[in-house]
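Structure first, then comments.
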Amino acid sequence: MELPMTALTLGGNNGSVSLEIAEVFGFPDQTDYGGGYGAYGLLRILTETIRGEHSLSAKHWFTTGELNRFEKELARCYETLSGTATLENCENELELTLSVGKTGHVTIVGKYQEFSEFDNVLHFQIESDQTYIPEALSQLRHVREVFGDHAEEKSTMQTADQVVQALEAAGFKAAFLPISAMEQVKEHYDTLERRAPETGTAKAVAEHFRSNQPPKLEFEPQSILVIALPPGQAGKLVLARRGGRVEVPILPFHPNGEKPEERLKELLAGVQLGHTRGISQKLLVALSGLGQYGRNNICFVGDWGTHCGLDALYTDISYEGPVYPDVRMKACEGCSLCRVACPTGAIGERQVIDANRCLTMRNENPGRVPRWVPKSAHHVLIGCARCQECCPMNPKLDYDSHVLMLDKAETRRLLSPGKKCPKALEQKLRAFGLDDWHLRLIKRNARLVVEAKEA
C-alpha cells in the first residue's frame, strides 16, 4: 500500500474535484464508525465562473466506506446514463451530488464547510459529461481493492466504543447505559415519590417520568447514550452606576456562536436517536459512571465539575455494560459547605433537595420571584453559583476572562422597566455572546443583582 493515493478525481468543463488519501487509520484491524477505515487526506476543488477562478485546498477527514458507496452509485449512473450519486461525509464537511442525464451530460453540485460554527461555505457547480466518469471509477475501484468493500457499513452499525471514541475526540465526554438500566431508573422514581413527598414536586416528577414510558420512538431502543458537553466560558457584565461599577457575573455559556449541540448532531448523524423525556439527565450520568452526585444534587463530571452541559439519548446501538449506583460522592461525607452556602435553604442532609426553594428554579423562568427569596440571594445573571463556588471538588470559574462594559446610558436602558432591551443594546449583548435565553431574563435578573449589591 503506497500513500499518498489518489482516491477520486471528478473533472469537468469548468473545474474539478479531487481527493487524495494521505493516511488511513485502523487498517486492517479496526473499522471506523462512518463505515470502512478512517482516512485523512487532501481535498482540492477548482471552479471557473464568469467572476473568475475559485480554488480550495483543505485537509479532509473521511472513510473508505464513503468512497465505496459513492463508487456503487456512480457505476449505476454510468451504466444507465441516469440518476444521481452522492458522496456522503460522516464529518458533514463535504456534500457532493453528481447527476447524469440521458444525453450523457453531468452536473456536479456541492458545498464544503470545514467549521460548522462559521459561515465560510464554498458552494460549487461543475458541468461535465460521462467521459470523465471512467477515470473516477478506476480510482475508486483501486481504493476498494486495497482497503476492501465497506459500502454496506454505515454509522448505524457503530459500536458503543466507536461512538464514545468519536465524541471524546471532538471534545465531549460520553458513556453508554444498557437499556436494562431502565429498571434502576423506574426504581429511582418510585423511591423518590415514596421518600420525599414533603418537597411538593416528587410526585409530579415521578408522574412525568411514567407519562413518557414506554418512550414513543420509531425504533426499539437498545441503549442510552449519556453525554457531557464541554463547559462554556464564564464572564461578567460591568455596569456603570452613580456609586461606581457593579459587576454581574455570568455562569459558563458559549460565546462567539459556539454551539456544541450542533456539533453533537453532526457526529451522531446516521445513528437512530430519541430523547429521554421525563428522565433526569443527572440520574443517567450517575448510572453510567460518567459522573457522580454532589450533596447539592448537581452532577460532577471529572475535571469539568458541575460546569458542563448534559444530554442523554436513546439509541439503536447494542450495548451490554455495567450500571453504577446513583450515590453521592465520597468527598461529600462529613462536608456541609454547600448546605451552609445555599442562600434559600434548598439543600438538606439528604440527596434530594427542595427544588421549590432552589434559586435557579426561580430566576431561570420569567415572572415574579417569590417574596420569600432573600434580596441578598441574587448574585449571578442566571442560576445560582453559591453551592458550586464553595465546593473544593469544582474548578474555579474565571469571570474576568470575558467582560462586557456598559456605560451609564446603556446601564440605565438595561435596568429600566420593561421586558425587552432597546435594539442597539440588544445587538451589543448578542455580539458579546448572549443568546435569546439570556436576553429573555436579563433585564429582571440584572436589576435583582444590582439591588442586592447596592443594598
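Which of Lys330/Lys396; Lys111/Lys396; Lys186/Lys443 have a Cα-Cα distance over 32 Å? Violating the 32 Å limit, Cα to Cα: Lys111/Lys396; Lys186/Lys443. Of all lysines in the structure, those lying under 17 Å Cα to Cα from Lys259, and not within fewer than 8 positions of it along the same chain, are Lys173. Exposure here means at most 10 other Cβ atoms within 10 Å; with GluC sites (Glu not before Pro) in a DSSP loop as sites, the longest stretch of the chain lacking them is 3-217. Among the trypsin sites (Lys or Arg not before Pro) in the stretch 1-84, those placed in a DSSP loop whose Cβ has at most 11 other Cβ atoms within 10 Å are Arg51. Bridging of Lys428 to aspartates and glutamates at a Cα separation below 14 Å is possible for Asp407, Glu410, Asp436, once same-chain residues fewer than 8 apart are set aside. Placing pseudo-labels 7 Å out from each Cα toward the beta carbon at Glu53 and Thr97 gives an inter-label distance of 3.0 nm. Among rounded, prolate and oblate, which fits the stretch 275-413 when a ≥ b ≥ c are the square roots of the eigenvalues of its C-alpha gyration tensor, a/c under 1.5 means rounded, and a/b larger than b/c means prolate? Prolate, since a/c reaches 1.5 and a/b exceeds b/c.
Rounded to 0.05, the FRET efficiency of the Ser318 and Leu42 pair, given R0 = 35 Å and the Cβ-Cβ distance, is 0.45.
Computed on the Cα trace of the stretch 160-454, the radius of gyration divided by the Kirkwood hydrodynamic radius gives Rg/Rh = 0.98. Once the Cα-Cα distance is subtracted from the 0.36 nm per residue extended length, the Ala22 to Trp437 segment shows a gain of 145.0 nm. Only alpha carbons enter this Debye calculation for the stretch 191-344, each as an equal point scatterer, and the log10 of I(q)/I(0) it gives at q = 0.14 Å⁻¹ is -0.93. Taking 16 Å as the cut-off, the amide N atoms of the stretch 430-445 that come nearer than this to a point 7 Å along the Cα-to-beta-carbon line of Glu261 belong to 434-441. Subtracting the Cα-Cα distance of Thr201 and Trp372 from their residue separation scaled by 0.36 nm leaves 59.7 nm. Dividing the summed -39500 (n - 2.57) terms of all DSSP H runs of n ≥ 4 by the residue count of the chain sets its mean residue ellipticity at 222 nm at -8500 deg cm²/dmol.
Taking a point 7 Å from the Cα of Arg430 along the Cα-to-Cβ direction, the residues of the stretch 224-253 with backbone N closer than 20 Å to it are 237, 253. Can you give the relative contact order of the stretch 292-386 as a percent, counting alpha carbon pairs under 8 Å and 6+ residues apart? Normalised by residue count, the contact order of the stretch 292-386 is 26 percent. Projected label points at Arg413 and Phe219, each 7 Å from Cα along the beta carbon direction, are separated by 4.8 nanometres.
Students often get this wrong: which residues of the stretch 119-144 have the backbone nitrogen under 20 Å from the point 7 angstrom along Cα-to-C-beta of Asn13? Hits in the stretch 119-144 for Asn13 at 20 Å: 124-136. In a DSSP loop and with at most 11 other Cβ atoms within 10 Å, the trypsin sites (Lys or Arg not before Pro) in the stretch 375-455 are Lys396, Lys419, Lys420. Between Val340 and Thr191, the simple label model (points 7 Å from Cα in the Cβ direction) yields a spacing of 2.9 nm. Entry note, the chain: relative contact order of 13 percent, from Cα contacts under 8 Å with a spacing of 6+ residues. For Thr63, the residues 5 or more places off, or on other chains, whose built amide H falls under 5 Å of its own are Ala39, Cys90.
Here, each number is a calculation from the coordinates, and none is a lab measurement. This structure is a prediction, so every number in the text was calculated from the model and none was measured. Quick reminder, even Gly has a Cβ in these numbers, built from the backbone with ideal geometry, and neighbours come from all protein chains shown.
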